[in-house]
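Only one structure is covered here, and it is reproduced in the block below.
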Amino acid sequence: MSNKSLLIVASLAYDGIETSEHKIERTLGGAGSFICLSVKYFNCNPSIISVVGYDFLNEDLEILKSCGVDISGIEIINDDKTFYWSCIYKNNFKDRITTKTELNVMANFNPVITEKNSTPDILLLGNLHPEIQLNAIKQIKKKPELIILDTMNYWIENFWNTLKEVINKSDLISINDEESEMITGEKDLEKAAKALHKMGPKFVIIKKAADGAELFNFDKRFKSIAFKVDKVVDPTGAGDCFIGGIAGYLTQSKNISFDTIKSAIAYGTSIASYNVENMGTKNLLNLSINDIKTRINKLH
């Protein structure tokens, strides 16, 4: 059986990150970059739909291409800059202050999904404006086996009506415990998951930071632990690596089920753990599948 096709719709950006020990002004970022670097360990021939500006470096396009990703769906706008975001982490990463958000090319981004990308087996909607996510779904010509949704508090607070429609069309949603409470009003994760199931997704992943994550599938529940790293250097992109690892693993699975998603979570957890040990995407560039499996074995 051939591997499942994966279509990624996600942002590409440059990030500025400051911690108590490090500061970088302009590094490859955006959910799409972390996802691409996370799916490269799986033989899935993924494609990405995104947009960048004239300032996006060729060497960064080559990094994405080296992941085995079809980058022909990346639109390059020649009269505007790439999306830029910067933050400062404080109090041992408990607080993150966004210092700059320059949407630039993302402000007017309308994803265009070509004929060859219009029937993916898995559609991964990275953390994006819900209007972009919904636009992408509407261009898919055949219902994918799995639509994976990632989102965040900003979209929940400001674009709820559209996001609600995207959630309804999704099969798997991945959010953290604070976001699940924002959506459902429930602190109890099991009650929150039940409410989310009623909204559409049959699979719900609720992330709990250092306490791991929980997977729900109606009456089924699975608790996954986090991999305890010696030192967190930069948590940026950890959630994107997590969902990217999950999507990548599922492209190799004959069936998408509660059990295969349980296994996929271990891969996402392992990749995310390596990501947080260095600045930006640096640790992901030279990671091997054996490195990833070593940590999975330790998790088990």
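The values are calculated or read from the model by the stated rules, or taken from the named source; none is laboratory data. Everything quoted here is computed from the prediction, not taken from an experiment. Neighbour counts run over all protein chains shown; Cβ positions are idealised from the backbone, glycine included.
So the values come out like this:
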| quantity | calculated |
| --- | --- |
| Residues of segment 100-109 that turn out to be within 12 Å of Ile77 (Cα to Cα) and part of a loop (DSSP other than H, G, I, E, B), as a count | 1 |
| Segment 84-129, subset of a type in the set (Ser, Thr, Tyr) and crowded, with 16+ Cβ neighbours inside 10 Å, residue farthest from Glu277 (Cα to Cα) | Tyr84 |
| Sole exception among (1) of a type in the set (Phe, Trp, Tyr); (2) in contact with a Phe, Trp or Tyr (Cβ under 7 Å, 6 or more places away or on another chain); (3) part of a loop (DSSP other than H, G, I, E, B); (4) over 30 Å from Ile256 (Cα atoms) for Phe93, by number | (2) |
| When residues of segment 167-215 are limited to those that are of a type in the set (Asp, Glu) and either touching a residue at least 12 places away in the same chain (Cβ under 8 Å) or outside any loop (DSSP other than H, G, I, E, B) (or both), the one nearest to Pro144 (Cα to Cα) | Asp171 |
| Counted residues, segment 243-284 - those being among the β-branched types (Val, Ile, Thr), in contact with a Ser or Thr (Cβ under 9 Å, 6 or more places away or on another chain), over 19 Å from Thr151 (Cα atoms) and touching a residue at least 12 places away in the same chain (Cβ under 8 Å) | 4 |
| Members of segment 90-136 that are closer than 22 Å to Leu28 by Cβ, of a type in the set (Ser, Thr, Tyr) and more than 20 Å from the chain's Cα centre (by Cα) | Thr99 |
| Test: residue in segment 241-248 that is surrounded by fewer than 23 Cβ atoms within 10 Å (Cβ to Cβ) and outside any strand (DSSP E or B) | no |
| Residues being of a type in the set (Asp, Glu), more than 18 Å from the chain's Cα centre (by Cα) and either at positive phi or at pLDDT 95 or above (or both) - total across segment 211-229 | 1 |
| Residue under evaluation Lys81, criteria (1) among the basic types (Lys, Arg); (2) under 25 Å from Leu287 (Cβ atoms); (3) surrounded by 15 or more Cβ atoms within 10 Å (Cβ to Cβ); (4) out of contact with any Ser or Thr (no Cβ under 8 Å at 6 or more places or on another chain), criterion not met | (2) |
